[in-house]
1. Please compute the per residue accessible area over the chain with all protein chains in place, 1.4 Å probe, rounded to a whole number of Å².
2. So how much accessible area does residue 128 have, in Å² to the nearest 10, using a 1.4 Å probe?
3. Could you work out the per residue convex hull volume over the alpha carbons of the chain, in cubic angstrom?
4. Once every Cα of the range 1-88 carries one equal point scatterer and solvent is ignored, give the base-10 log of I(q)/I(0) from the Debye formula at q = 0.18 Å⁻¹, two decimals.
5. Could you work out the Kirkwood radius for the range 51-158, taking every pair of different alpha carbons, averaging 1/r and inverting it, reported in Å?
6. Put a dot 7 Å past each Cα toward the Cβ at residue 212 and residue 50; how far apart are the dots in nm?
7. Please report how far the C-alpha centroid of the range 114-141 lies from that of the range 1-79, rounded to the nearest whole angstrom.
8. Quick one: ranking 38, 93 by accessible area, 1.4 Å probe, largest first, what do you get?
Amino acid sequence: MELCVALDLPTKEENLALIEKIKDYDVWLKVGLRTYIRDGESFLQAIKQINPDFKIFLDLKLYDIPNTMADAAESIMGLGVDMFNVHASAGRRAMTTVMQRLEKYENRPIVLAVTALTSFSEEEFHAVYESSISQKADQFAKDAMQSGLDGVVCSAFESASIKNITNEDFMTLTPGIRPFGEDAGDQKRVADVNFAKNALVDFIVVGRPIYQAKKPAEVIAKILAQI
Ligand code: C5P
């Protein structure tokens, strides 16, 4: 299991200061919407300048018509990131179109599909998808696998079932992790490191419990020790 640190701080300078503090650890860094919209490609380069071994997950959750998603995926190829994601609810044709467009590249990034956002409660999810989270997450995972993607973003609670109905190599990445039972914030379905480990999760994403800590490096060391 790998640890992916969410760079969700309010300014570029604060994110870079956090990266400096944790540069000696073998972790992935997650660049999300706010950071990428504000700081763009030069921020990705700044990460690599601090430590070229950092792997970058570009968490933009693409959702659009198939051709536009494939165009965006091809542009992402030029950024040199190691992983990005799309929404499974964009549909199988959209996901297949993205993967076909990337076929010609030898070293394409890992591509994941978002199943259910971990901030959804069952009720909220049902209002949008008219299904339970677990049923729909399983369905989205099958769709993503059949479309040629490498895995899904889901909560730790769906990981074991998804591995079961796809295969062990089909990756799961789970946000909503509170490593040692910290405050959930706006996340509705949170799990700790041990739960994620038992659920065969490949990547845990941790944001606030790390970047809001007085000593982020210590929290990372503790998580890595448990992994
Ligand atoms: O601070 P926290 O650990 O809750 O951060 C979780 C990160 O994972 C945030 O950057 C959030 O946007 C992201 N994320 C999520 N749920 C998903 C996909 C991504 O919380 N399904």
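The values are calculated or read from the model by the stated rules, or taken from the named source; none is laboratory data. What you see is a predicted model, and the numbers here were worked out from it, not measured in a lab. Virtual Cβ from ideal backbone geometry, glycine too; neighbours counted across all protein chains shown. Ligands, DNA and RNA are excluded from the accessible area calculation, which covers all protein heavy atoms including side chains. Shrake-Rupley method; radii C 1.70, N 1.55, O 1.52, S 1.80 Å.
1. Heavy-atom accessible area per residue stands at 47 Å².
2. The accessible area comes out at roughly 90 Å².
3. On the way: hull volume 26.7 nm³, N = 227.
Convex hull of Cα atoms, per residue: 118 Å³.
4. Debye intensities relative to I(0), on a log10 scale: -0.77.
5. 14.2
6. 2.0
7. 26
8. 93, 38
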